Structures are given as C-alpha cells and as structure tokens.
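The values are calculated or read from the model by the stated rules, or taken from the named source; none is laboratory data. It should be emphasised that the depicted structure is a prediction, and the values quoted were computed from it without experimental measurement. Here the Cβ is made from the backbone with ideal geometry for all residues, glycine too, and neighbour counts use every protein chain on show.
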Amino acid sequence: MHSSWIILSVTGVYILILALISFLVRRHSRSATNYTTGGGHFPAILISFLMLSEFIGTAVSIGTAQTGFRIGISAAWNLFALALGFLLFAWLLARKYKELGDNTISGVLASNYGERTRIATSLITIFALEIVAVSIYASGGAVLAGVLHIDQTMAIVIVGIVSVVYVSIGGMRSVIYTNVVHASLKYLGLILALGFALGQVGGLSELQARLPERMFDWTAIGWGKIIAWMIAGIGSIFSTQYVIQAVNTVSDSGKAQRACFYCATLMVPFGVGAALVGMCSALLFPEIDSLQAFPHLIAQMNSFTAGLVVAGLAGSLFGTISAVSMGSATLLLRDFYEPFFNPTRADGKSLRFVRLATLIVGLLPILLALLSSEVLTIAFLGKALRASLAVLVLLVFYAPRFGTATGAFLSIIASLFATLGWYLAGNPWGIDNAYIALLTPVLVMTLSHLFRRHTPETAGSVATI
C-alpha cells in the first residue's frame, strides 16, 4: 500500500503540472478557432512530439507489450508500420495538406466530392476515433489496476473522467505543449522499464537463451498481419483528423515534412523497446494475463521509478485522449454545429459547443472500454476504418477525376459496414479487416468510374454515377 501511494503521488504531481500548463495557456483558447488550432505557428520539433505522443499512447505501449508477451519481437512491427506511414505522409501529403489550408479531413474530401461526403467522412472519422479511445481507456485502466491493485472497472472509470476534465482546460495549444512533456517522459519511462526488465532476466543474451527461438523471429506475427498493420497504420496517418490539424500548426510545408520525419525516427526504437518489455514479462511472469505484461512488470519496480513509468503512461494516455477528443470535437463543430445550428458562426456559441463536445466524446467510450481485452486489435480496427478514407485522400490529391462524388459517398458507407462486419465476424479465413477497409473504396470508386455519366457534377471536378 505504501508503494502504491508513492506511485500515485508521483503521478498526481505530474498531472497537476500538466493542468498548470493548460491553465497558463488558456488565454490562447478564448475563441473557437484558437481552441482548435492553438492560435499560432509552432516549431517542427514540437509538432513531431505532438504526433509522436498521440501514436505511442498507452494502447500501443500496453498492446505492443501484450503481443510481445505472446509472440515476441515481431510485435514491434505495429510501430514500424506507423513510422513508415509518417515517412510516406511526409513525401506524399504533408505539403498538400498544408498548402490546401483546411484543417479537417472532411473539408479536404468535400472540396472534391461534395457536402454529403463531408458528412459521411465526419461520421466515420468520429466513429473510428471513438474506437481508438476505447482501446486507450482499456489499456490505461489495465495500468492503474495492475499497479495500484484496484478493480479494473473502477480504474477505467477514473482514467476516463480525469482524462476528459484535463483535456477541456486549454485547447489545442495546451495539447501541443503538454505532449512534448508526455512524449519525453514516456520515452524515459520505457527506457527505465526495459532496463529493469533486462536486469531481472540477466540481460538480452540471457533473454534470448531462455525464450523459445520463435520469440526472436521478426516475422513470427505473420506477413498477413504485418501487411495489415501497414495498411491500417499508413492509412490512418494519411486520414487522421489530428494529424491534419497538427501539420497545419506549422508555418510552412517544409516544416510540416520535417515534423513527420522526426516523428518516424523516434517511433522505431520505441516499438522494439515495448516488444522487449513484453518478452521479459513472458519469461518472468509466464502465468499472468498477457494484458498485464507491462503493468505487472511496473508493479515490481522501485516505487519512485515505477511512479515515473506510470506517470509517463498516464501522460501518453491524456495526450492521446486529448488528440482524439480534439479531433472529434472539431469535426462536430465545423461539420454539424456551425452549418445547422450556428450559421452566423457566433464565436461565443461555437466555443461553448466545442468545449462541451470535447467532454462528451471523451466520456462516451468508457462503457465499451469495460468490455475490451484485445487492446492492440481494437486500436488497429480504429486505424483500419480510417484507412478507407486514405484511399479517397490520395485520389483527391493525385487523381481528382477518378471515380465520382456518389462513388466516394457510397465507398465511405460501404467501408464502414464491411470493415466493422468483417471484424465482428472474427476476420474470416484469416483475412484481416484492414484489407477490407482498403479494398472496399478501391472497388466502389473503380465501379463508379467505369459506369459514370460523362457530365460534370456540381460538387467537384468529378462526374456523377
């Protein structure tokens, strides 16, 4: 109990520091626009940490360790896939998003495919982000329950409530500043946890000698899963709302690209470290549930050191939730509230709405998180759903006349139902739902292009079906 209180105290002090940062920058969030954009331009390195913190959240840390516990080092491929996604994003899309100047994914697609595609894009993006939030809460609750020895249901509820209250204080600017702290401490926490774990097993060579050889096979997870992770990871980065918001907070397209390069570079060692933590836990605690691979290891550490690790995990949790909530709330504001309920865009009304929306979208996923166990699988379902939008994003920028506006709209709807249905069916024949998310819009847009009428459509530069 004494140890738990030390860990809780360290984490509590850290959260208070983050709240103080948010409080100090709140003056930059006194309009709806500044609340969702940060109210200025920021250096590329800060934005790289912003994006890094969002993508190495608690779900990825706990999920990678969980998969490393069961399968081994190949669990790191989920971070490799994200790193590759940021490299491709930098080369293909960062400049285009920045030059376009629209900070919503729905606005980008609506520029070519019309208003109904805007609405459909917003809905599937919000749905996908809420699924990501489910995995975040489930993993955050696992950490708190494992370290503090409390009921996991209570832990998830505590994590959810504290997260959304923290997020609503300072808007996008506080998210940027605090995520630099989050990412730095998260990295430190992983290094401390990995150092402790390797010390307990006798070093990397001893780990390799005592674990089955398959645990060190970089492709043990299977090429089907690796490619699925790449599709989901790359696709989600190409079409993630808060990535688009992030690259629009720098002053020019060159800085947007550099931010992506920095982020990709930092992701690779993090993935390897998280997988190794899970592998060490598999050797030290073979009887535990795989979801507890990281939390159970933390519970064995020195109280103060464990407190730093937990604080880093908590910080990344809040950072990711803030990004998810901010992205969803921005879409609700721009695509639903202002067009239908505040057409004059009275700023006071918009600011009140976006603050309330941030709270609501942060609280909704808590119930589903109570039922979640496969954290990494759920996290990548959310990424897979966004991968379908990535197909349309690439078409907008590189083949704007391919397909039709109606085809774009139908592909979004079809992708949602097909991907979710495939996931709920248990990924039949071993085919991951990420493949369904990728192929569905390709098929629908191809058919719409082949059977379109050759008359211009008023929604954009494409023809109607």
Item checked: In region 209-228, the residues that are surrounded by fewer than 24 Cβ atoms within 10 Å (Cβ to Cβ) and in a helix (DSSP H, G or I) -> Ala209, Arg210, Glu213, Arg214, Met215, Phe216, Trp223, Gly224, Lys225, Ile226, Ile227
Note to self: Among the listed residues Val250, Val272, Val175, identify the single one that is of a type in the set (A, V, I, L, M, F, W, C), within 27 Å of Leu394 (Cα to Cα) and out of contact with any Lys or Arg (no Cβ under 7 Å at 6 or more places or on another chain).
What the structure shows: Val250
Notebook entry, point to check: Which of the residues that make up region 402-416 are modelled with pLDDT of 90 or more and not hydroxyl-bearing (Ser, Thr, Tyr)?
Noted result: Phe402, Gly403, Ala405, Gly407, Ala408, Phe409, Leu410, Ile412, Ile413, Ala414
Check: So which of Gly233, Gly222, Gly254 ends up being on the phi > 0 side of the Ramachandran plot and either modelled with pLDDT of 85 or more or not aliphatic (A, V, I, L, M) (or both)?
Finding: Gly222
Margin query: I'm checking my understanding of the structure. Among residues of region 109-138 that are among the charged types (D, E, K, R) and within 17 Å of Gln241 (Cβ to Cβ), which one is surrounded by the fewest Cβ atoms within 10 Å (Cβ to Cβ)?
Written below: Glu130
Note to self: Among the numbered criteria (1) more than 26 Å from Ala128 (Cα to Cα); (2) surrounded by 16 or more Cβ atoms within 10 Å (Cβ to Cβ), which one does Asn302 miss?
What the structure shows: (2)
Note to self: Out of the residues in region 421-449 meeting the condition of being in contact (Cβ under 8 Å) with a residue 12 or more places away in the chain and more than 28 Å from Asn112 (Cβ to Cβ), tell me which one is surrounded by the most Cβ atoms within 10 Å (Cβ to Cβ).
What the structure shows: Asp432
Next item on the list: Could you check, for region 76-86, whether at least one of its residues is under 14 Å from Ala256 (Cβ atoms) and at pLDDT 90 or above?
Entry: yes
Item checked: Residue count, region 84-108 (criterion: surrounded by fewer than 24 Cβ atoms within 10 Å (Cβ to Cβ) and among the hydrophobic types (A, V, I, L, M, F, W, C)) -> 7
Note to self: Checking the condition touching a Phe, Trp or Tyr at 6+ places or on another chain (Cβ under 9 Å), buried (at least 20 other Cβ atoms within 10 Å of the Cβ) and either at pLDDT 95 or above or more than 24 Å from Trp218 (Cα to Cα) (or both), which residue from Ala323, Ala264, Ala293, Ala274 passes?
What the structure shows: Ala323
Checklist line | Yes/no for Thr240 being β-branched (Val, Ile, Thr), within 18 Å of the chain's Cα centre (by Cα) and surrounded by fewer than 24 Cβ atoms within 10 Å (Cβ to Cβ) | finding: no
Next item on the list: Would you check if Thr305 is in contact (Cβ under 8 Å) with a residue 24 or more places away in the chain, within 29 Å of Gln200 (Cβ to Cβ) and either of a type in the set (S, T, N, Q) or touching a strand residue (DSSP E or B) at 6+ places or on another chain (Cβ under 9 Å) (or both)?
Entry: yes
Check: Restricting the first residue to region 110-126 and requiring it to be on the phi > 0 side of the Ramachandran plot, which pairs with a second residue that is modelled with pLDDT of 90 or more and of a type outside the set (Phe, Trp, Tyr) meet a Cβ separation below 6 Å and a spacing of at least six or different chains?
Finding: Gly114/Ala405
Item checked: Matching residues, region 430-457, being at pLDDT below 90 and over 19 Å from Ala390 (Cα atoms) -> Gly430, Ile431, Phe451, Arg452, Arg453, His454, Thr455, Pro456, Glu457
Notebook entry, point to check: With respect to the numbered conditions (1) touching a helix residue (DSSP H, G or I) at 6+ places or on another chain (Cβ under 7 Å); (2) at pLDDT 85 or above, which one is the sole condition not fulfilled by Gly195?
Noted result: (1)
